[in-house]
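Read the structure below first, then the notes.
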Amino acid sequence: MNKATFDFLIPQWPAPDNVQAVITLRSKGDSCAPYGNFNLATHVGDNPQQVAFNRHQLIQQFDLQSSPLWLNQIHGTEIVSRSCSDYPPDADGGFSDRVGDCCVVLTADCLPVLLCNQQGTKVAAVHAGWRGLCGGIISNALKQFDASDSVLAFLGPAISAVHFEVGPEVRESFLSKAIDREQKNLLEKAFSKSESDRYLADLYALARAELEQHGVNQIYGGDFCSYSQSEQFYSYRRDKDCGRNASLIWLKSNAK
């Protein structure tokens, strides 16, 4: 097996040294159009053997102890443990408190949220489209942590507000769930009127509002655009038929 040649980025955040996180890029790899180059999703129509090869390259590149917990993402709010028995589980987030167990989500415009505690004992990866955000998937992920945990969040590549137009019913769905006036103001600021009767939605702002509601103030990332950064990220809204980027997080041993 050849050495992996794909590109990736390492989140810039003050996570503990034993917390490992990475986001794959599409800029190198062997998948053919329209899934080129480093697609990691099995459900988009890509050659299954090629996807399997790419996933193997991912494991090899980062010396993962086992295969990541690949999810059957359904735009829901379920968070599953890395040790769950179903495979692949119908869920949109994974959680682990065991060394070596890797959580992963796939995205192509939806928002990947990586979470860890300051103690370096728990990690989670969340697939947060607008439906998941509105349904409280980040809140569900944070329930996996203890109340005493100081949680950090990294917001990975998602479609930016300027390219993400939604109907007024989406805005109303979020506003109806505001717990107080302060949160409603934050949610209102996440939507701006487009040229029609629709709205431009800021997934990053919506995620920050939910994180801050639960006391998470160490929030990093959030400066990407999967739609406009076409050389690095897949975008369903831009291309329809496309691959998926992967956002991974896991705990490594502190042993030298």
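The values are calculated or read from the model by the stated rules, or taken from the named source; none is laboratory data. Since the structure is predicted, the reported quantities are computational estimates derived from the model, not experimental observations. Cβ atoms come from the backbone with ideal geometry, glycine included; neighbour counts cover every protein chain shown.
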Q) Just for region 171-214: of the residues that are under 17 Å from residue 142 (Cβ atoms) and not in a helix (DSSP H, G or I), which one is modelled with the highest pLDDT? A) 214
Q.
Restricting to region 1-20, name every residue that is surrounded by 12 or more Cβ atoms within 10 Å (Cβ to Cβ), aliphatic (A, V, I, L, M) and either modelled with pLDDT of 95 or more or outside any loop (DSSP other than H, G, I, E, B) (or both).
A. 9, 15, 19
Q: Could you grab me the full set of residues in region 21-50 that are part of a strand (DSSP E or B) and not hydroxyl-bearing (Ser, Thr, Tyr)?
A: 21, 22, 23
Q.
Yes or no: region 96-114 includes at least one residue that is among the β-branched types (Val, Ile, Thr), in contact (Cβ under 8 Å) with a residue 24 or more places away in the chain, assigned to a strand (DSSP E or B) and more than 19 Å from residue 55 (Cα to Cα).
A. yes
Q: Please enumerate the residues belonging to region 21-32 that are surrounded by fewer than 19 Cβ atoms within 10 Å (Cβ to Cβ) and modelled with pLDDT under 90.
A: 27, 28, 30
Q.
With the requirement that a residue be of a type in the set (Gly, Ala, Ser) and either in a strand (DSSP E or B) or more than 18 Å from the chain's Cα centre (by Cα) (or both), what does region 241-256 give you?
A. 246, 247, 253, 255
(Q) Based on this model, can you work out whether residue 219 counts as out of contact with any Pro (no Cβ under 8 Å at 6 or more places or on another chain), modelled with pLDDT of 95 or more and crowded, with 23+ Cβ neighbours inside 10 Å? (A) no
(Q) I'd like to check something: does region 142-155 contain any residue that is farther than 30 Å from residue 99 by Cα and either in contact (Cβ under 8 Å) with a residue 40 or more places away in the chain or not polar (S, T, N, Q) (or both)? (A) no
Q.
It is to be established whether one or more residues within region 222-240 are among the small types (Gly, Ala, Ser), touching a Leu at 6+ places or on another chain (Cβ under 8 Å) and in a strand (DSSP E or B).
A. no
Q: From the list 155, 206, 248, pick out the single residue that is touching a Leu at 6+ places or on another chain (Cβ under 7 Å), under 29 Å from residue 67 (Cβ atoms) and surrounded by 15 or more Cβ atoms within 10 Å (Cβ to Cβ).
A: 155
